[in-house]
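One structure below.
No lab work stands behind these numbers, since they all come straight from the coordinates. Note that the structure is a prediction, hence the values are computed from the model and not measured. For neighbour counting, all protein chains shown are included, and Cβ atoms are generated from backbone atoms with ideal geometry for every residue, glycine included.
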Amino acid sequence: MFSPLLAASLAMEPAEVDDAELTTADEEGAGVYGPFFEGEPASDIEFVTQPRPDQLPRLSVGKGAFCFVEGTYCKASLLLSADIGFGMRAPASDEGPDVPYAQFTFRWGATIRPGMLRGKPWHAWGVGPVASWSRGTGSLTVKGDALDQELDSTDDTTVLRIGLVNQLWLSKRNHAPHLDFTLGAARSDVLTSGVKLWGSHAELAMGFGGWGGLFLSGDFLDRDTRVVMGFRGHGIAAGPIIAMAIAGLAAGGAL
Amino acid sequence: MISAALLVALTTAQPAVDAPASEPVIQRPAAKRDAEPPAPADAPAELSEAEPSGPAAAEGPAPAEAAEPTPEPTPEPAPQPEVAVAPASPASQPTDPTETERFTVASGDGGPPYYTDADSQALRERHDIKTQAPDRTDQARWNCLIADPTCGRSFEVNALAAYTLRGRQGDVSGTGENPRWSSGRAQYDFWMNLPVITDIRGRSKFTRMTMGPKGGLIFSDSGSTWGNVGMAFRYWLGRGRWAPTIEFSSALSFKLGERERVDRGLEQPGWKMTRGPVGFTADVGFGLGGFGAIVLGGQYDSPLAREDIPEPFRTSAGGAFFLGFRGNILWGGPAAAAVATHIATQRGVEAP
């Protein structure tokens, strides 16, 4: 049963590839290899509304030179998103117990795809500066023993972050998934001291195009660590949600 | 070792074929063989020592086929110059459709497809694969910002307005009460729909089921605000714009804030950030298209009552059941209903 297939596969052994072919492929921008970087497989079956590969990224100018929503074939993109997250606030052991932590964040920045700026039609790497502002739940410190406890707390925690995001796009498809690694600094209130200090910030995120994604991040300050995971949405999607939420709270008298 | 085994397998399973190495042969059912056109003069002719080569082999069926009934052959839509002539089977052997007819791998640059268009067309006809226009040619609304079976990956913002029965258990103040009260729920979520099951009709693909991450905000009375991060599923029971759907979503929910009250001894009334452990919320919905769904769900708020948490900062377990309507905000109605529910709940309901 397998013999015809074997015969066919043996007969289709690839011929030796000379250097000229490799050079040509690289010049055309196809010199990115790997299991995730393949283009769409050849197929005559597709979604009726699926954008054709030759269509320009939506919400872009200059034929993808700059996109307001990140896309697979964007050379430069705007980052503008909001997210919510939850996690744990872990102070130093003599400062009090670990407590739940939640925050909402506004994030902005820009990315470029250096390989595509050099002329390749697609490249997996993206890089750019990013900044964010968060409002999180407050801090709680407990010092002393059970008979002589010294309690202190804050209502909320404000964090400002700056960093550099490196992106690895995993596919050439529309709304392609990509991994984002962000390293930077965070300035925030430290526990209940009332003092703002600089610490470090790291984040690993997975996005789908520029529309949103999931993230895991941490702010590491002196004796005050916060680890958060959450969901992020582009400003176009998050804006209406924020507007409706504020409208409901304000008109309802909750603010 | 493996190479030797492959060689033995090829030698024993294959008839004696002396085809060119660059054009291996693939077998096809015998029923197709009668309708095949004669091979052109430039086609590979050396196939088998047991059969005559060239046009003589294609002029009529082999003796074995003349003796046994075979299905009605399907005519080939176009000549296949590169199709090789099948070898004749001995009269004493039964004809196995899978071992008597051959396709020829198309020559070219070496990339897919490996067969000619005529081969693909013959395959479609044999298995009744339709090639006509799809069932739907109309476009989805708002560039797929309203979910549609014709969309691949899509994104949407949903708003939920619901009646809610809330409760709280284990009052940490020691009163021993377990209050329950009627309230409302407004929820705004961003869904990312990734197709995981698809249907194919003609040359069009339709989404059967989507699954993807979602997140958003939940509001109830007394300024209660939660975030939620989870997954959303939608199963389409049809391919139309208004096809019925079954939706299921589940998420981890966490307290973001609430309105502080003067009667509880707090200094200033107003909405403030409030910590709380991670809880859980889930719902099931029955809807029409991506426009809206009737939703039934529940939520559980975990207590923060560890022994190392000082008494003033502990919170009790809580929960809610809700029944309402969830729809895409681009439609307008769901957004207005959710905001109205939010406002009415803030003004008309106070948590006991």
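A dipole drawn for the stretch B:214-352 from +1 and -1 charges on Cβ atoms has a positive end, and of B:W242, B:V295, B:L323 the residue lying farthest that way is B:W242. The B:A340 and A:D98 beta-carbon pair, evaluated with R₀ = 30 Å, returns a calculated FRET efficiency of approximately 0.15. The simple Förster model, with R0 at 25 Å and r as the Cβ-Cβ distance, assigns B:A282 and B:Y235 a FRET efficiency of 0.95.
The Rg/Rh ratio of the stretch A:141-255, with both radii computed over alpha carbons and Rh defined as the Kirkwood radius, is 1.10. Could you please report the charge total around B:H342, scoring K, R as +1 and D, E as -1 over all other residues with beta-carbon less than 12 angstrom from its beta-carbon? Neighbour charge sum, excluding B:H342 itself: +1. Taking 7 Å steps out from each Cα toward its Cβ at B:R306 and B:Q139 produces label points 5.4 nm apart.
Model label sites at B:N178 and A:E46, defined 7 Å from Cα along the beta-carbon direction, differ in position by 5.8 nm.
Taking a straight Cα-Cα cut-off under 29 Å and skipping sequence neighbours fewer than 8 places away in the same chain, the lysines within cross-link reach of A:K196 are A:K143, B:K255, B:K272.
Each listed q (0.11, 0.13, 0.19, 0.23 Å⁻¹) maps to a log10 I(q)/I(0) for the stretch A:110-201, found by the Debye formula over equal Cα scatterers with no solvent: -0.52, -0.62, -0.90, -1.08. Residues with beta-carbon under 13 Å from that of A:I236, excluding A:I236: net charge, scoring Lys, Arg +1 and Asp, Glu -1? Charge balance near A:I236 sits at 0.
Projected onto their three principal axes, the Cα atoms of the stretch B:182-241 cover extents of 54, 20, 13 Å, largest first. Spin-label model, B:I197/A:W133: points 7 Å from Cα along the beta carbon direction are separated by 4.6 nm. For the stretch A:156-255, the residue among A:M206, A:A247, A:H175 whose Cα projects farthest onto the positive side of the dipole built from Cβ charges is A:H175. What FRET efficiency do you get for A:D152 and A:M206 if R0 is 51 Å and r is their Cβ-Cβ distance, rounded to the nearest 0.05? For R0 = 51 Å, the calculated efficiency reads 0.85. Our summary gives the stretch B:180-311 a relative contact order of 17 percent, counting only alpha carbon pairs under 8 angstrom and 6 or more residues apart. The alpha-carbon of A:K63 sits under 20 angstrom from the alpha-carbons of these lysines, leaving out residues fewer than 8 places away in its chain: A:K75, A:K120, A:K172. Summing Lys and Arg as +1 and Asp and Glu as -1 over all other residues whose Cβ lies under 9 Å from the Cβ of A:P100 gives a net charge of +2.
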